[in-house]
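To start, the structure under review is shown below, and the notes come after it.
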Amino acid sequence: MAPHCTHDSGRSVPSGEPELAGRLALVTGAGRGIGEAVVRDLAARGCRVLATDAAPEGVDALAREYGPSVVARRLDVTDAAAVDALVAEAEESLGALDIAVNVAGILRCSPVAELTDADWAATFAVNTDGVFHVSRAVSRGMAARGAGSIVTVASNAAGIPRTTMAAYAASKAAAVMFTKCLGLELAPLGVRCNTVSPGSTLTDMQRGMWPAGEARDDGPAARRVIAGDLASYRTGIPLGRIAEPSDIAEAVAFLVSDRARHITLHDLYVDGGATLRA
């Protein structure tokens, strides 16, 4: 008989299996970008993934590609009742959720004087309320079972001011502190809560900030991001490259794994040193 080992989820699986074998993860914003990369990374490590997104096309494609390892569902994280219903359905039909990764997010750029009430509210509805809805829903079962890991993908903008990004930065800062407070409450119950804060990453959100005609990963807009911009008070990226979604997914995978079993309430910056953060 193959030897067994007990994972952070409390489940015993044969040693030599992929490190996340036997676990079930919920990922929001999974249809593209960082969320898609997280799904791919977790699945590669043996995890079954419930991939959710407000736009179903991306997660449906992942489910077709991965077969039973990935289950796709449409989910609007701003709808608390829909979140609660999906989590209840998942735990009934798929099994206990061991991992939740909050990736869903939107960006509305504008100087504060021109920022509309609608854009402010929409940004917080997804980036902050969505994290609250999902984390609250999954934490109940995790707390009852005495095991689990929640990771919120925030932004380095949560820790450093950005011009024209007040709504985004404030919403992400709120999500970071919410996740830390949740982690403090859940730590005695064996549930870990952490955040990953990316810097500039090659996603549709990043490219959407670049001028038309410059949205190339090796174009002048990308080079300006790497070099920095004194006029907008942005440092460059010391490592000399913009992150790829897989770089962020690797950080998430580490934090939900047993390698991070003694890490909670942590905010891991993955930004190539851009914030010069100690």
- Hey, among the residues in segment 207-225 that are closer than 19 Å to residue 104 by Cβ and in contact (Cβ under 8 Å) with a residue 24 or more places away in the chain, which one's surrounded by the fewest Cβ atoms within 10 Å (Cβ to Cβ)? 208
- So residue 109 clears everything in (1) within 19 Å of residue 204 (Cβ to Cβ); (2) within 20 Å of the chain's Cα centre (by Cα); (3) of a type in the set (A, V, I, L, M, F, W, C) except one condition, right? Which one? (2)
- Message: Being assigned by TED's automatic domain parsing to the domain that holds residue 169, more than 30 Å from residue 143 (Cβ to Cβ), among the acidic types (Asp, Glu) and part of a helix (DSSP H, G or I) is the requirement here; does residue 129 meet it?
- Response: no
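Yes/no per residue for (1) surrounded by fewer than 18 Cβ atoms within 10 Å (Cβ to Cβ); (2) free of Cβ contacts under 8 Å to residues at least 60 places away in the same chain; (3) more than 24 Å from residue 173 (Cβ to Cβ):
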| site | (1), (2), (3) |
| --- | --- |
| 193 | no, no, no |
| 199 | no, no, no |
| 205 | yes, no, no |
| 227 | yes, yes, yes |
| 231 | yes, yes, no |
| 257 | no, no, yes |
| 260 | no, no, no |
| 269 | no, no, no |
| 277 | yes, no, no |
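The values are calculated or read from the model by the stated rules, or taken from the named source; none is laboratory data. None of these values were measured; they are calculated from a predicted model. All Cβ positions, even for glycine, are placed from backbone atoms using ideal geometry, and neighbour counts span all protein chains on display.
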